[in-house]
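Before any comments, here is the structure.
What follows is calculated from the coordinates using simple rules that are stated; it is not laboratory data. Quantities reported herein were computed from a predicted structural model and do not represent experimental measurements. Because the Cβ atoms are built from the backbone with ideal geometry, glycine has one as well, and the counts that use them run over all protein chains shown.
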Ligand SMILES: *Cc1c(COP(=O)(O)O)cnc(C)c1O
């Protein structure tokens, strides 16, 4: 395998921090910063970026060290994680298999087309089979023996290690204090668990779930327990910004995303980062951050999903 490519995974430019002069924050004497992890990605492959870069990094190194030649993972038809894994496999010389929930869409979609263009073999499985497999990875068929298996969303202990590094990187760029917040969107919760680990209790961590069901608190606690992290840390969730559930949206969210991009030149996606920023501004308006000083929002990427959204709903995100 090409050594210089592995080098790119371990030595990279920290993602930049950008200040957003949003009136709601300025009025309250707060500073809103964005850590642009959407700009952290494999050269020429933005899908292998954002929080998926952080989550995959140590998994890819482990796969290499175990001598695995093939990665296997799971996702829905628009999954950022599938696209990231496909791109990462191609970049680092693994073959890859993606188990996709549900039937193959009649006309394809940009995410799945991209995965296949990266060389990922897609297997479409029923929702029931998908649920069974993802909830018990020991049930994988014998043909996958020797594969490096990434759980759904790539969420495991090595992913948490990678996300914890984000805070280390951040603390070399700016001063973090106990009143400040680091905020990120939660899908499985592994990213926020990693940020909480990295915070070492020295900054507050705020997760904005983008999926309903109130399982997130327990999921994050479990990731922290699996990581055997027992130092005091300050983390919390704000559950009011799911917009009705995973990948649900309304006109206000789409308008917000388009306005935000034209105002600040920061593209957002409708599944994760759009909801997070919408939530942060609403929370600020309601006085949630009073006295917090600086709020650092993590732009976790996910922009590969916009093309699929626009294909499905008619070019609504500009
Ligand atoms: C996958 C993803 C998330 C969710 O990460 P979890 O670790 O599953 O909580 C957040 N933002 C973006 C852009 C993502 O692609």
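The Kirkwood hydrodynamic radius of region 60-104, based on inverse pair distances between different Cα atoms, is 10.9 Å. Of the peptides 127-134, 255-262, the ranking by mean beta-carbon count within 10 Å, highest at the top, reads 255-262, 127-134. Over region 245-318, Cα pairs under 8 Å with separation of 6+ residues give a relative contact order of 32 percent.
Relative to the first principal axis of the alpha-carbon coordinates of the chain, what is the inclination of helix 216-226, with its axis defined by its Cα atoms, in degrees from 0 to 90 and to the nearest 10? Between the helix axis and the principal axis of the chain, the angle is about 70 degrees.
Relative to the current alpha-carbon distance between residue 246 and residue 316, full extension at 0.36 nm per residue lengthens the span by 23.4 nm.
Debye calculation, C-alpha points only, no solvent: report log10 I(q)/I(0) for the chain at q = 0.06, 0.07, 0.09 Å⁻¹, in the same order as the q values. For the chain at q = 0.06, 0.07, 0.09 Å⁻¹, log10 I(q)/I(0) is -0.19, -0.26, -0.43. Note on 251, 38: ascending count of other Cβ atoms within 10 Å places them as 251, 38, the fewest first. In terms of its C-alpha gyration tensor, region 34-124 comes out oblate, because a/c is 1.5 or above while a/b does not outweigh b/c.
Contact order for the chain, expressed relative to its length and based on alpha carbon pairs under 8 Å spaced 6+ residues apart, stands at 21 percent.
Shape verdict for region 115-172, please, from the Cα gyration tensor: rounded (a/c under 1.5), prolate (a/b greater than b/c) or oblate. Because a/c hits 1.5 or more and a/b exceeds b/c, region 115-172 counts as prolate.
Separation of region 261-276 and region 220-253, taken as the distance between their Cα centroids, equals 18 angstrom.
Of the listed peptides 231-244, 137-150, 48-61, what is their order by residue-averaged count of other C-beta atoms within 10 Å, with the highest listed first?
So the order, starting with the most tightly packed, is 48-61, 231-244, 137-150.
Only Cα pairs under 8 Å and 6+ residues apart enter the sum, and on that basis the relative contact order of region 1-91 stands at 21 percent. The DSSP beta bridges internal to the chain are antiparallel in roughly 15% of cases. Centroid-to-centroid, using Cα positions, region 59-86 and region 118-197 are 10 Å apart.
Of the beta bridges DSSP finds with both residues in region 14-158, what % are antiparallel, to the nearest 5? Before the final figure, lay out the partial values.
Values: 6 of 20 bridges.
Bridges in region 14-158 that DSSP calls antiparallel: roughly 30 percent.
Using a ≥ b ≥ c from the Cα gyration tensor of region 145-275 (square roots of the eigenvalues), is it rounded, prolate or oblate, where a/c under 1.5 gives rounded and otherwise the larger of a/b and b/c decides, a/b for prolate?
Since a/c reaches 1.5 but b/c is at least a/b, the shape of region 145-275 is classed as oblate.
What number, rounded to the nearest 500 deg cm²/dmol, is the helix-based mean residue ellipticity at 222 nm of the chain, given -39500 (n - 2.57) per DSSP H run of at least four residues and division by all its residues? It would help to have the intermediate numbers written out before the result.
Working: 12 runs with 133 residues, N = 318.
The per-residue figure over the chain is -12500 deg cm²/dmol.
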